Every structure is written in C-alpha cells, then in structure tokens.
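Worksheet: one structure, shown below.
Derivation of every value follows stated rules applied to the coordinates shown; laboratory data play no part. This is a predicted model, so every value here is computed, not measured. Quick reminder, even Gly has a Cβ in these numbers, built from the backbone with ideal geometry, and neighbours come from all protein chains shown.
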Amino acid sequence: MAETATHTDHAADHGHHSSTGLSNNKLAMWLFLGSECLLFGGLISTYMLYRGRVQDGPHPSQIYDIPFTSVSSFVLLMSSLTMVLAVTSAQRDDDARTNLWLTITALLGATFVGGQVYEFTTFYREGLGFTTSLFSSSFYSLTGFHGVHVSVGVIMLLSTMGIIKRNKITGNKSEVVELVGLYWHFVDIVWIVIFTLIYLIPS
Amino acid sequence: MSTETQSQSHDHGMSDAGYIKIALILAAITALEVSTYYVDFGPLFMPSLMIMMVVKFVMVVSYFMHLKFDSKIFSFLFYTGLGLALFVYIVALATFKFFIA
C-alpha cells in the first residue's frame with residue numbers, strides 16, 4: 001500500500017507518463033509543434049507565391065529595413081539562450097535564477113514584438129496597408145501570425161513566473177518550464193526561416 | 001552546491017557554458033547571413049543562405065530544444081510534421097510553377 005502511494009507520488013511529481021515511459025505533456029507539445037509546422041508552412045508558401053504580386057504600393061525591396069530586422073532577429077535568437085538557461089535553472093530547483101532568466105526572456109520577447117509593431121507602423125505610413133496588394137496581405141498575415149505567437153509566448157512566460165513565485169505548480173516544475181521553453185524555441189526557429197526566406201532573399 | 005556542479009548538465013542536455021557556445025555560433029551564422037545582403041556572393045548567394053538557415057534551425061532544435069538528447073519519439077513527431085509540411089507546400093508551390101518562374 002505504502003509502495004503504491006510512493007509510486008503515485010513519484011508519477012505525479014514527474015507529470016503523467018504514458019505506456020512509452022514518456023511524459024504525456026511533452027508528447028502533446030511535440031505533436032502540437034509538428035502541427036504548427038503545417039500552419040506556418042502554409043503562410044510561408046502563400047507569401048512566396050504572392051511576394052512579387054504588387055500592383056499598388058511599395059515593393060518588398062523598397063520597404064524592408066534589413067539592419068533593423070537583423071537586430072530583432074538577434075534579440076529573438078538570444079532569447080532562446082536565456083530560455084534554455086531558465087530550463088537548466090529549473091532542473092536545479094533554483095527558483096530565483098529560473099525567474100530571472102524567464103524575466104529576461106520575456107523582456108527580449110517583448111522587445112521583438114515592440115520592434116514588429118514599429119515595423120508595421122512604418123510600413124503602413126509608407127503606404128503598405130493590409131489590402132494594398134497580395135504581397136502586403138500575405139506579408140502581414142505571416143509576420144502577424146508569428147508576432148501573435150511571440151506575444152502568447154510572453155504571456156506564457158509571465159504566467160509561469162507567477163505560478164512559480166506562488167508555488168502553485170503541482171507536478172514537475174522543471175517540466176512545466178521545459179514545455180514553455182519548447183514553445184518559445186519553436187517561435188524562434190520559425191523566425192529563422194522567415195528572416196531568411198522573406199527578408200534576405202529578394203523577390 | 002558548488003558553481004562547477006551547478007553548471008553541469010542535468011537530466012539531459014549540456015552545461016550552461018555549452019549552451020552559450022551554441023548561442024555564439026548561432027549569432028556568428030546570423031551575422032554571416034546578414035552579410036550576404038551587403039556582399040555579393042554571386043552564385044553562392046542562395047545555396048549559402050539556405051544552408052545557414054538549415055544549420056541554425058537544426059542547432060536550435062537539437063540543442064536548445066534537447067531533441068538530440070531526448071527520446072526518438074519526440075523527434076519522430078516533430079520531423080513528421082515538418083516533413084509533411086515541406087512535402088505538401090513544395091508540391092503546392094510546384095503546382096503554381098513557382099520553381100520554374
């Protein structure tokens with residue numbers, strides 16, 4: 001009986017595990033990320049098809065600010081480093097450092113989103129509205145969807161910090177941070193593709 | 001617990017110093033990518049950009065997302081979705097004669 005109770009506690013402490021011995025939460029997150037590839041694949045393909053379709057308004061090469069976007073890309077890339085440092089801190093049960101790295105990651109993510117808002121505002125003032133051309137619609141849809149994902153990631157980071165501070169995590173704390181980290185790294189790898197295919201390769 | 005012990009890898013993955021090295025390599029590749037916008041790489045422009053993009057992608061997935069150290073089932077789930085997306089959208093782009101244009 002005591003052995004059964006210990007086993008149950010152990011399972012609860014490490015999340016719910018499937019018959020494979022792997023965490024169901026991690027399996028679900030990886031499955032979700034795999035399906036997200038299809039979403040962004042569709043948006044990127046649509047942009048690739050329509051990037052040259054400009055009858056009205058500015059062309060991509062006329063409005064893209066490569067130095068600015070490069071800095072944004074660097075900021076998002078470094079947020080992946082701070083996120084993985086948060087995960088290793090969580091695995092060490094070091095709550096103070098976990099929260100510190102999560103805070104820095106959230107700030108870097110917010111900086112990236114702020115940069116995207118600035119970029120969109122600048123483009124709009126230069127005459128590139130959402131319905132100006134097929135290029136503009138596909139561009140705003142793709143980068144907007146990515147921006148929403150980063151914003152959701154920032155909310156997830158802040159929520160994780162909140163529940164760690166209040167000690168409200170019932171299961172494995174490091175796994176919760178790792179799951180948020182997986183989502184965060186995913187938005188980073190999507191941006192790696194977007195930065196190359198959309199910004200660096202001319203239409 | 002000593003600092004040295006704290007910086008060791010845990011359940012899986014690398015030490016903090018290892019992750020910083022990976023981040024520095026990623027930053028260097030990004031700088032090289034941006035340089036292609038200013039320096040004429042000639043016929044190597046497109047292949048070099050694509051290779052750098054794939055290398056960055058794989059490095060983040062393998063090391064930061066721990067896929068290199070985790071169960072192969074996770075790799076299967078993710079790369080199946082990615083492979084399916086690549087297949088479907090390459091076919092879709094080919095249908096619209098994207099590669100010929």
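Charge dipole of the range A:36-200 (Cα centre as origin; +1 on each Lys and Arg Cβ, -1 on each Asp and Glu Cβ, all else neutral): 220 debye, rounded to the nearest 20. If you bin all the Cα-Cα distances of chain A at 10 Å, starting from zero, the percentages per bin are 8, 30, 29, 18, 10, 3, 1, 0. Per-residue Karplus couplings for the range A:130-144, computed as 6.51 cos²θ - 1.76 cosθ + 1.60 with θ equal to phi - 60°, are listed in order as 5, 9, 4, 8, 5, 4, 5, 4, 6, 5, 5, 5, 5, 5, x Hz, Gly and Pro entered as x. Taking the fewest neighbouring Cβ atoms within 10 Å as the starting point, the ordered list for A:Thr122, A:Thr82, A:Thr160 is A:Thr122, A:Thr82, A:Thr160. Work out the FRET efficiency for A:Arg166 and B:Ile51 from their Cβ-Cβ distance, taking R0 = 35 Å, and round it to the nearest 0.05. Efficiency, from the Cβ-Cβ distance: 0.15.
Taking a point 7 Å from the Cα of A:Arg125 along the Cα-to-Cβ direction, none of the residues of the range A:75-105 has its backbone N closer than 16 Å to it.
With each label modelled as a point 7 angstrom along the Cα→C-beta vector, the B:Ala92-A:Ser61 pair spans 2.7 nm.
Each of A:His149, A:Thr98, A:Gln62 was placed along the dipole of the range A:36-200 (beta-carbon charges, centred on the mean Cα), and the one lying farthest toward the positive end is A:Thr98.
Using Cβ contacts closer than 10 Å as the measure, can you line up A:Glu119, B:Glu33, A:Glu126, A:Glu178 from fewest to most? The partial results should precede the final answer.
On the way: A:Glu119 18, B:Glu33 21, A:Glu126 11, A:Glu178 26.
Ascending number of Cβ neighbours within 10 Å: A:Glu126, A:Glu119, B:Glu33, A:Glu178.
Hey, can you rank A:151-158, B:91-98, A:62-69 by average C-beta count inside 10 Å, highest first?
Working: A:151-158: 18.2, B:91-98: 12.1, A:62-69: 14.9.
The peptides rank, most packed first, as A:151-158, A:62-69, B:91-98.
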